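Report on the structure given below.
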């Protein structure tokens, strides 16, 4: 699947993690924008159309769960992928309830990111067809 010319927003307060995830996405053909927290992510979304958001959960100012809930209100069809170094069933359920369609355990691999983005951005899948119950574990 070609992702060329599609922009994704990577949100993480760790510059190293944001860079690593962004580099993986660039290798897949994406244009990547970065944000350091949920508030900054919402500012970026207001300025630029993106194909998907990949966000950390634990961040200062506005965390990933709150960001997901806000995005669901403002951009209901936008694919949301959450990632966290703290991965358990309770967080997974909270991620889904917040509006994420995929919840990944950090560190995420290029294969996991590619699979998640492919699942969310399938050209034959209408936005309403998102099951919002897809999760990848390492």
Quiz prompt | Residue among 66, 105, 137, 120 that alone is surrounded by 12 or more Cβ atoms within 10 Å (Cβ to Cβ), modelled with pLDDT under 95 and closer than 23 Å to residue 14 by Cα | solution = 105
Exercise. Determine whether residue 25 is assigned to a helix (DSSP H, G or I), surrounded by fewer than 18 Cβ atoms within 10 Å (Cβ to Cβ) and in contact with a helix residue (DSSP H, G or I) (Cβ under 9 Å, 6 or more places away or on another chain).
Key: no
Quiz item: Out of the residues in region 1-22 that are outside any loop (DSSP other than H, G, I, E, B) and in contact with a strand residue (DSSP E or B) (Cβ under 6 Å, 6 or more places away or on another chain), which is surrounded by the fewest Cβ atoms within 10 Å (Cβ to Cβ)?
Solution: 7
Quiz item: Cβ-Cβ below 6 Å, separation at least six or inter-chain, first residue in region 22-44 and at negative phi and in contact (Cβ under 8 Å) with a residue 60 or more places away in the chain, second buried (at least 19 other Cβ atoms within 10 Å of the Cβ) and in a helix (DSSP H, G or I): which pairs?
Solution: 24/113
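The values are calculated or read from the model by the stated rules, or taken from the named source; none is laboratory data. Treat the numbers as computed from the prediction; the structure is a model and nothing was measured. Here Cβ is always computed from backbone atoms with ideal geometry, including for glycine, and neighbour counts include all displayed protein chains.
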